[in-house]
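K.L.:
Handing you a structure now.
The values are calculated or read from the model by the stated rules, or taken from the named source; none is laboratory data. In this text the structure is predicted, and so the values were computed from the model without any measurement. Don't worry about glycine lacking a Cβ; one is built from the backbone with ideal geometry, like all the others, and counts go over all protein chains shown.
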Amino acid sequence: MVSLGRLYELAYARWQRPEYGRVAARSSRRNLQALLYGAASVPEGAMVPEESRLLRASGFAMLRAPGAAAAMRFGMHGGGHGHPDKLNLVTWGGGRMWGLDPGSINYGVPLHKEWYRSTIAHNTVTVDGALQAEKDGQAGEWKTGGGATTFTASAASAYPGVTLTRTVTVRGNRIEDRFECASGAEHTYDWAFHAPGRLTTSLALKPGPERIAATAGYQHVEGVASGRAAGGWWARWEAEGERFTLRVKAAEQTEVFTGAAPGKNPADRVPVLIVRRRGRNATFDVLHEFT
């Protein structure tokens, strides 16, 4: 971000938005853009906004607290550039990004369609191992105050006959994450989370199967281990002296998979956790803790 400070010299001079000036202030300001367009002085302070925002029209919510932040995508599909990732959650805490969105790569590369445009590549729920439909989601409750922000969003058209609802609360250095899946028929629900670092869990997982499934992105999850959870349990990522823990509330018939899959760079292998439940309904209650 410091190296990009020069790009914000003209932006701050034109629009006088403090956040633009704060980015410019992180550079030496000894550059051509500052000479030609720069203001005499620029504001100091945090580059990242500290308040939560709901961008209802564009379908994004940004929930912020002093020690954690979460971004949820819920709204318009995005046309030909859109991904099947309704209710996808990207998270930050402890000074670094944890919950990752895979982004995109060259559209002509087969991996773009096979992985980057798959639902399982995102931090959301996949139903019956299939891609979400290219449909819009809806915003629900938005509440701020008392040092916390709560947001609920739903996707009732992502899968036929299934309603997906996610409620996220960010406070302090924690994110409370409740994902509810409801249907009149039985389905297999896979809750996925991708984060960098070394992944460990309190469960006794064993190697295998070789592949969780052969299509819809699952074929790109490598080094699979699996097992079952009878009670509450945790999964933890550690990277560069920081750590992040997911605490998962107990639920019947929970199957757990771990593995690794492509990241923003296709050559990277990012650890992924998949929590599977089957039934008419499934609720994933997860606490994200940053230390």
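K.L.:
From the list Pro102, Pro49, Pro110, exactly one residue is in contact with a helix residue (DSSP H, G or I) (Cβ under 7 Å, 6 or more places away or on another chain) and either closer than 30 Å to Pro266 by Cβ or basic (Lys, Arg) (or both). Which is it? Lay out the reasoning, then the answer.
P.N.:
Numbers: Pro49 fails: either closer than 30 Å to Pro266 by Cβ or basic (Lys, Arg) (or both); Pro110 fails: in contact with a helix residue (DSSP H, G or I) (Cβ under 7 Å, 6 or more places away or on another chain).
Just one listed residue meets the conditions, Pro102.
K.L.:
State yes or no: is Val272 under 30 Å from Glu186 (Cα atoms) and touching a His at 6+ places or on another chain (Cβ under 6 Å)? Even if it seems obvious, please write down each step before you answer.
P.N.:
On the way: under 30 Å from Glu186 (Cα atoms): yes; touching a His at 6+ places or on another chain (Cβ under 6 Å): yes.
Here the answer is yes, as Val272 does meet what is asked.
K.L.:
I would also like to ask the following. Scan the stretch 100-140 residue by residue and report those that are part of a loop (DSSP other than H, G, I, E, B), within 15 Å of the chain's Cα centre (by Cα), closer than 18 Å to Gly59 by Cβ and not polar (S, T, N, Q). Steps first, answer last, please.
P.N.:
Step one: filter the stretch 100-140 for residues part of a loop (DSSP other than H, G, I, E, B), giving 100-109, 117-124, 128-137.
This time we only want the ones that are within 15 Å of the chain's Cα centre (by Cα), so: 100-104, 117-124.
From the residues that got through so far, the ones that are closer than 18 Å to Gly59 by Cβ too are 101, 103-104, 117, 119, 122-124.
Asp101, Gly103, Arg117, His122 - these are the residues of the stretch 100-140 that are part of a loop (DSSP other than H, G, I, E, B), within 15 Å of the chain's Cα centre (by Cα), closer than 18 Å to Gly59 by Cβ and not polar (S, T, N, Q).
K.L.:
Is it true that some residue in the stretch 58-70 is basic (Lys, Arg), farther than 23 Å from His288 by Cβ and surrounded by 12 or more Cβ atoms within 10 Å (Cβ to Cβ)? Lay out the reasoning, then the answer.
P.N.:
As a first pass, look at the stretch 58-70 and keep what is basic (Lys, Arg): 64.
Imposing the further condition that a residue be farther than 23 Å from His288 by Cβ reduces the set to none.
There is no residue in the stretch 58-70 that is basic (Lys, Arg), farther than 23 Å from His288 by Cβ and surrounded by 12 or more Cβ atoms within 10 Å (Cβ to Cβ).
K.L.:
Then there's this: What are the pairs with Cβ atoms under 6 angstrom where one residue, in the stretch 48-65, is part of a loop (DSSP other than H, G, I, E, B) and the other, located anywhere, is surrounded by fewer than 18 Cβ atoms within 10 Å (Cβ to Cβ) and modelled with pLDDT of 95 or more? Sequence gap at least six, or different chains.
P.N.:
Note: pairs meeting the criteria are Ser52/Thr144.
K.L.:
Now for a separate question. For the stretch 223-263, which residues satisfy the criterion of being crowded, with 16+ Cβ neighbours inside 10 Å and not in a strand (DSSP E or B)?
P.N.:
Of everything in the stretch 223-263, those that are crowded, with 16+ Cβ neighbours inside 10 Å and not in a strand (DSSP E or B) turn out to be Ala251, Gly263.
K.L.:
Only one of Lys113, Lys86 is among the charged types (D, E, K, R) and buried (at least 20 other Cβ atoms within 10 Å of the Cβ). Can you tell me which? Spell out the reasoning first.
P.N.:
Values: Lys113 fails: buried (at least 20 other Cβ atoms within 10 Å of the Cβ).
After applying the criteria, what remains is Lys86.
K.L.:
Among the residues of the stretch 135-155, which ones are surrounded by fewer than 19 Cβ atoms within 10 Å (Cβ to Cβ) and either under 19 Å from Ala192 (Cα atoms) or among the basic types (Lys, Arg) (or both)?
P.N.:
Residues satisfying the conditions are Lys135, Lys143.
K.L.:
Based on what the data block shows, is His112 free of Cβ contacts under 8 Å to residues at least 60 places away in the same chain and either over 20 Å from Tyr218 (Cβ atoms) or not small (Gly, Ala, Ser) (or both)?
P.N.:
Numbers: free of Cβ contacts under 8 Å to residues at least 60 places away in the same chain: yes; either over 20 Å from Tyr218 (Cβ atoms) or not small (Gly, Ala, Ser) (or both): yes.
Criteria met by His112.
K.L.:
Still on this structure: Using beta carbons and a limit of 7 Å, which pairs, at least six apart or on different chains, have the first residue in the stretch 19-38 and on the phi > 0 side of the Ramachandran plot and the second one assigned to a helix (DSSP H, G or I) and modelled with pLDDT of 90 or more?
P.N.:
Note: no pairs meet the criteria.
K.L.:
Select from the stretch 264-291 the residues that are β-branched (Val, Ile, Thr), over 15 Å from Ile175 (Cα atoms) and surrounded by fewer than 17 Cβ atoms within 10 Å (Cβ to Cβ) and list them in ascending order.
P.N.:
Narrowing the stretch 264-291 to residues β-branched (Val, Ile, Thr): 270, 272, 274-275, 283, 286, 291.
Subset that is over 15 Å from Ile175 (Cα atoms): 270, 272, 274-275, 283.
Within the stretch 264-291, just Thr283 meets the criteria.
K.L.:
Go through Ala230, Ala251, Ala261 for me and flag whichever is in contact with a helix residue (DSSP H, G or I) (Cβ under 9 Å, 6 or more places away or on another chain) and closer than 27 Å to Gly279 by Cβ.
P.N.:
Numbers: Ala230 fails: in contact with a helix residue (DSSP H, G or I) (Cβ under 9 Å, 6 or more places away or on another chain); Ala251 fails: in contact with a helix residue (DSSP H, G or I) (Cβ under 9 Å, 6 or more places away or on another chain).
Going through Ala230, Ala251, Ala261 in turn, just one is in contact with a helix residue (DSSP H, G or I) (Cβ under 9 Å, 6 or more places away or on another chain) and closer than 27 Å to Gly279 by Cβ: Ala261.
K.L.:
Tell me which of these Tyr159 doesn't satisfy, since it passes every other one: (1) aromatic (Phe, Trp, Tyr); (2) free of Cβ contacts under 8 Å to residues at least 60 places away in the same chain; (3) under 18 Å from Ala61 (Cβ atoms).
P.N.:
The number of the failed condition is (3).
K.L.:
Next up: Any idea which of Lys86, Lys143 is in contact with a strand residue (DSSP E or B) (Cβ under 8 Å, 6 or more places away or on another chain) and assigned to a loop (DSSP other than H, G, I, E, B)?
P.N.:
Lys86
K.L.:
Still on this structure, please answer the following. So which residues in the stretch 180-222 are surrounded by 15 or more Cβ atoms within 10 Å (Cβ to Cβ), over 16 Å from Thr126 (Cβ atoms) and touching a residue at least 40 places away in the same chain (Cβ under 8 Å), if there are any at all?
P.N.:
Ala195, Pro196, Gly197, Leu199, Thr201, Leu203, Leu205
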